[in-house]
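**Student:** Let me give you the structure first, and then I'll get to my questions.
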Amino acid sequence: MGSGPDLPELVRRARKGEPLAVSRLISLVDTDRGGRHDRLREVAAALAPHTGHAHVVGLTGPPGVGKSTTTSALVAALRKQNRTVGVLAVDPSSPFSGGALLGDRVRMSEHATDDGVFIRSMATRGHLGGLAWATPQALRVLDAAGFDVVLVETVGVGQSEIDVVALADTTVVMLAPGMGDGIQAAKAGILEIGDLFVVNKADRDGAAQTVRDLRHMLSLGREDGNPEDPGAGGGWRPAVVRTVASRGDGVDQLVAELDRHRTWIDEHGVRERRRRDRAAAEIEAIALERVRVRFGDLRGRGALPDLAARVAGRELDPYAAADELEQAAGAALR
Ligand code: GDP
């Protein structure tokens, strides 16, 4: 690792918007899996002073709802306004990173030669700690590179979607008519995380009903107050936007609503608080990971097997054993 790339130089080039440098930095954080994260640490330190500009927007929703199509339409709409856009497509179901995933998505190819757009897909399966490591760092790279808006799209399904959402300033939850359990899925926690809702495929039958159902559920769900409501009358009320992403219909309105939310979170200190919460989660994940590594060491060195034998032999209770293990790990940390 000693003969690694010249990081300050890479960061300088990335900040000038050189796609190759941006790509290289993301590869650095993406491949630094396991171990001591020396490169993650260096990259994070080099980038941190240059972050805080980007509006990070997370897009989530069931497969097939139109996330990719919407992402592409959003990129087009934002570019029309001369804003630069970074796109991170996160696939928690695949162990392979790189450009292939989006590369074969023809609709994104219209942006392929535009320097104001950077598109990258990342796989997170099999990644120790799931999204904990590489995704926030990749976002940091795009933020430091100066992109005005960074779109994070999940390609897969599951808990990782929620994790991705936790990284965003603004979370867009997508639904579509005729997807059966769309609203049901929404019930399982996804309503709370949406800052904005999109009913895509509004060209299909049932769109009006989906909007009505959604509005109804939102009014129920938020009855006892939005936890982010900073005071009477000051709460955020998520809009429901109807789109036909494949034709670009409603996408300008979606952009306007994204901007409205960005303004709102800035004015109410919510953006700052979310960033602090994210930082806390990140610090915690790093620290816990270190402890876990230390416990692993103890496992190898016999502290854990010894304690286990004593507990099994009823010589020690498991709480006392955990105390001892903690002390040993504490000693190992120093
Ligand atoms: P994702 O899995 O959520 O990323 O969904 P995709 O963006 O890949 O879209 C799934 C399918 O729905 C594709 O065949 C799209 O062309 C189609 N699609 C996307 N948006 C619309 C829309 O507004 N109306 C209709 N009828 N089809 C759409």
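The numbers here are math on the coordinates, done by the rules we state, and not lab data. It should be emphasised that the depicted structure is a prediction, and the values quoted were computed from it without experimental measurement. Backbone-built Cβ (ideal geometry, glycine too); neighbour counts: all protein chains shown.
**Student:** Long-range amide H contacts for V150: which residues qualify at under 5 Å (H placed 1.01 Å from N, peptide plane, sequence gap of 5 or more or a different chain)?
**Tutor:** Sorted by chain and number, the residues that satisfy this are H55, V56, V57, G86.
**Student:** So for region 281-333, taking the charge dipole from beta-carbon charges (+1 Lys/Arg, -1 Asp/Glu), which of G296, A281, L316 sits furthest toward the positive end?
**Tutor:** Ranked along the dipole, the leading option is G296.
**Student:** Let me ask something else about it. Once the Cβ-Cβ distance between Q81 and R292 is put in as r, and R0 is 35 Å, what FRET efficiency do you end up with, to the nearest 0.05?
**Tutor:** That gives a FRET efficiency of 0.20.
**Student:** By the gyration tensor of its Cα atoms, with a ≥ b ≥ c the square roots of the eigenvalues, what is the shape of region 232-297: rounded for a/c under 1.5, prolate for a/b over b/c, or oblate?
**Tutor:** oblate
**Student:** In a solvent-free Debye calculation with one equal scatterer on each Cα, what is log10 I(q)/I(0) for region 281-333 at q = 0.14, 0.30 Å⁻¹, listed in the order of the q values?
**Tutor:** Each listed q corresponds, in turn, to -0.38, -1.10.
**Student:** Based on the mean of other Cβ atoms within 10 Å per residue, sort peptides 256-268, 46-58, 275-287 so the most packed one is first.
**Tutor:** 46-58, 256-268, 275-287
**Student:** Taking H as built 1.01 Å from N, whose amide H comes closer than 5 Å to the amide H of A123, not counting residues under 5 places away?
**Tutor:** It is D91, S97, G98, by chain and number.
**Student:** Right, something else. Roughly what would the spin-label model give for Q209 and R273, points 7 Å off Cα along C-beta, in nm?
**Tutor:** 3.8
**Student:** 7 Å from Cα along Cα→Cβ at both V311 and S246: what's the point-to-point distance in nm?
**Tutor:** 5.6
**Student:** About the Cα centre of region 281-333, what is the dipole size in debye to 20, counting +1 per Lys and Arg Cβ and -1 per Asp and Glu Cβ, all else neutral?
**Tutor:** Roughly 220 debye for region 281-333.
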